[in-house]
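Working notes, beginning with the structure itself.
Bear in mind these aren't lab numbers, they're just calculated from the coordinates by the rules spelled out. What you are looking at is a predicted structure, and each value in this text was computed from that prediction instead of being measured. Cβ sites come from the backbone with ideal geometry, for glycine too, and all protein chains shown count toward neighbours.
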Amino acid sequence: MADRIPENYKEAVSYIEGLPRFTKKHSLEHTEEFLKRLGNPGLDRKIIHVAGTNGKGSVCAYMQAVLAAEDKCTGFFTSPHLVKINERIQIDRRPVDDDTFYRIFLKTLETVQKMQEDGLEHPSYFEFLFGMAMEVFAASDAEYIILETGLGGRLDATNVIKHPFLTVITSISLDHTDILGDTVSEIAAEKAGIIKEGVPVFFDGSSQEASEVIRRTASERGAPCREISNLAYEIREVNRNCIAFSGNNAYDKGITWRVPFCGLYQAANAYLALEALGYVFRGCDPDRKKWALAIASVRWEGRMEQAAPHLTVDGAHNPGALEAFVQSIRLLPERDRELPVIVFSAVSDKRYEEMARYLCREIEAKAYIVTEIDDRRRVPAEELGELFRKYTVSPVFVKKEIKEAISQAYEVRGDREIYCLGSLYLVGAVKKYLTGGSGKC
C-alpha cells in the first residue's frame with residue numbers, strides 16, 4: 001500500500017489510519033492465514049473472549065484489575081481508542097509505549113507485504129491492529145489475554161480464536177442493525193457466535209430475548225453457561241462518584257463492592273466480571289476483600305467520567321446505552337440531575353434520531369447543544385439541531401466545533417451539570433480538547 005516503509009511511530013500511525021481507504025473487512029479464513037503467517041502469536045495464553053452491545057470495555061477493565069491484584073500479567077485488546085491509538089493494545093492496564101508499537105508495527109507490516117506478494121489482500125484496520133496486539137502479547141509475560149470484539153462476534157476478526165479459556169457476553173440491545181440484524185434475537189445470535197464447544201460462557205441476563213438465544217447456543221455447543229441477572233446483586237448506594245452494591249450469594253456475604261462511577265449499569269458489569277473471575281480462580285480461595293479494593297480502583301475513561309468541573313462524559317452511543325445513562329442520572333442527587341445541559345453528537349450508522357427523541361422525552365434539559373465529530377461518518381450539527389428542535393421546547397444550540405460547544409455549555413449551565421454523550425468519538429474529542437488538544441481525533 002505504501003511507497004516506502006514508515007520511518008517512525010507517527011508515520012506508522014498515519015499508515016494504519018489510512019487503511020480504511022485502501023482495504024476492507026475480510027473473512028475469518030483470511031484473518032486465520034494472517035495470524036498463521038505471524039506465527040500464531042499468543043494462542044498459548046489463556047484467552048478470555050468478550051462480546052456484547054454495551055459494557056464490554058468496563059467488564060474487561062474490572063477483570064484486568066482483579067487479575068492484576070492476583071499478580072497475573074494480562075494483555076488487553078480493545079476498541080475504539082479515545083485519544084491515542086496505543087490505547088487499543090494494553091499490558092497490565094497500560095497502553096503499549098510508542099517504541100513498542102512501532103517495532104511491532106514493522107514486524108506485522110513485513111508479514112503483510114509478503115501476504116500481498118502471494119496475492120492475498122491487505123488486512124483491514126481492525127485486523128491489522130488485532131495482529132499487532134497478538135504479537136505484543138506473545139512478546140510479553142501475559143498469562144491472560146482479554147480480547148474485546150469489535151463488531152458482533154460471529155464474524156469478528158477476534159473470533160478466529162478457536163479455543164478460548166472463557167467467553168463473556170455483556171448486555172445486548174439494538175445497535176449496528178444494518179449489519180447485525182433488526183431484532184435483539186438476531187443481534188444476540190451474532191454475539192453468541194463467540195461461544196465455543198465446551199468453553200464456559202458467562203453472560204448478562206438483563207434481556208430475556210437475548211438470554212434465550214445465548215442459552216440455546218450454549219446448549220447446542222455443550223458450553224456450560226452462567227446467567228447473571230439483576231437479582232444476583234443489590235444496589236446499596238448511588239452518588240456522584242460511586243455506586244455500591246452487594247452480591248446475593250454466600251461467598252460475597254459481608255462484602256460491599258464499590259465501583260468508582262455513578263453509572264447504574266456498572267454494578268451489572270462489575271458483577272458479571274466478578275462471576276467470570278470466580279470461574280478463573282475456581283478451586284482457590286481468593287481474598288474477595290482484595291478484589292473489592294481492585295474493583296474500587298478501576299478507572300475506565302468515557303463512562304460517566306467527570307472530565308472537568310461540572311462536566312461528565314459518557315460513551316452512550318446507542319438506545320440501550322442511552323437508557324442506562326438516563327437511569328443513572330435519575331438516581332443522582334437532585335443537584336446533579338435537575339435541568340442538566342446536554343452536549344450531543346453522533347455518527348450516521350447509529351440510531352441517532354431515536355436517541356434524540358428518547359433524550360428529549362426522558363430528560364428535561366436546561367439546553368441541548370449539538371456538535372460534530374471529526375469523522376467521515378459524522379452527522380452534521382445542523383441536522384441534529386433540527387431533530388432536537390422537533391422533540392423538545394428546551395433551547396437547542398448548534399455548534400459545529402467541539403470547543404464552541406463546550407464553551408456554550410459552560411456559558412448556559414449556571415449552576416447545573418453538563419453531560420456529553422452520543423458517541424465515543426465525541427468523548428475522545430472532548431477529552432482531547434480539555435487537555436489542550438484541538439478537539440479532533
Which of the GluC sites (Glu not before Pro) across the stretch 296-397 are loop residues per DSSP, with 11 or fewer other Cβ within 10 Å?
none
Mind sorting T435, T53, T111, T183 by how few other Cβ atoms lie within 10 Å of their own Cβ, fewest first?
T435, T183, T111, T53
Taking the Cα centre of the stretch 99-167 as origin, sum charge times position over the Cβ atoms of Lys and Arg (+1) and Asp and Glu (-1), and report the length of that vector in debye to the nearest 20.
120 debye
Under the 0.36 nm per residue contour assumption, what length would be gained going from the current alpha-carbon distance of Q116 and T435 to full extension?
110.8 nm
For K72, go through the aspartates and glutamates and keep the ones whose alpha-carbon is under 12 Å away, minus same-chain ones fewer than eight residues off.
D92, D141, E143
Taking the Cα centre of the stretch 305-434 as origin, work out the dipole magnitude from +1 charges on Lys and Arg Cβ and -1 charges on Asp and Glu Cβ, in debye rounded to 20.
100 debye
Ignoring everything except DSSP H segments at least 4 long, calculate the 222 nm mean residue ellipticity for the chain; use -39,500 (n - 2.57) per segment, divide by total residues, nearest 500.
-12500 deg cm²/dmol
Give a quick list of trypsin sites (Lys or Arg not before Pro) in the stretch 99-153 that DSSP marks as loop, anything other than H, G, I, E or B, with at most 12 other Cβ atoms within 10 Å.
none
Normalised contact order of the stretch 32-90, rounded percent, pairs of Cα under 8 Å and 6 or more residues apart
18 percent
Can you give the local net charge around K390? Use residues other than it whose beta-carbon is closer than 10 angstrom to its beta-carbon, Lys and Arg +1, Asp and Glu -1.
0
For I146, list long-range residues whose amide hydrogen, built 1.01 Å from N in the peptide plane, is under 5 Å from its own amide hydrogen.
I48, G75, F76, F77
How many angstrom lie between the C-alpha centres of the stretch 331-379 and the stretch 102-118?
42 Å
Compute the signed sum of charges (Lys and Arg +1, Asp and Glu -1) over the other residues within less than 15 Å, Cβ to Cβ, of I363.
-2
What percent of all Cα-Cα pairs in the stretch 9-231 falls in each 5 Å bin, counting up from 0?
1, 7, 15, 19, 19, 17, 12, 7, 3, 0, 0, 0
Let me have the relative contact order for the stretch 305-434, percent, based on Cα pairs under 8 Å that are six or more residues apart.
37 percent
Place a +1 charge on the Cβ of each Lys and Arg in the chain and a -1 charge on the Cβ of each Asp and Glu, then give the dipole magnitude about the Cα centre in debye, rounded to the nearest 20.
660 debye
Treating every alpha carbon of the stretch 305-434 as one equal point scatterer without solvent, the Debye formula yields log10 I(q)/I(0) values at q = 0.23 Å⁻¹ of -1.64
Could you grab the relative contact order for the chain? Cα pairs under 8 Å, six or more apart, rounded to a whole percent.
14 percent
What's the exposure ranking of S185, S328, going from fewest to most Cβ atoms within 10 Å?
S185, S328
If you compute percent of Cα pairs over 32 Å apart for the structure shown, which of (i) 66; (ii) 38; (iii) 50 do you land on?
(ii)
Dipole axis of the stretch 21-72 (+1 Lys, Arg; -1 Asp, Glu on Cβ), positive-most option in V59, H26, G42
H26
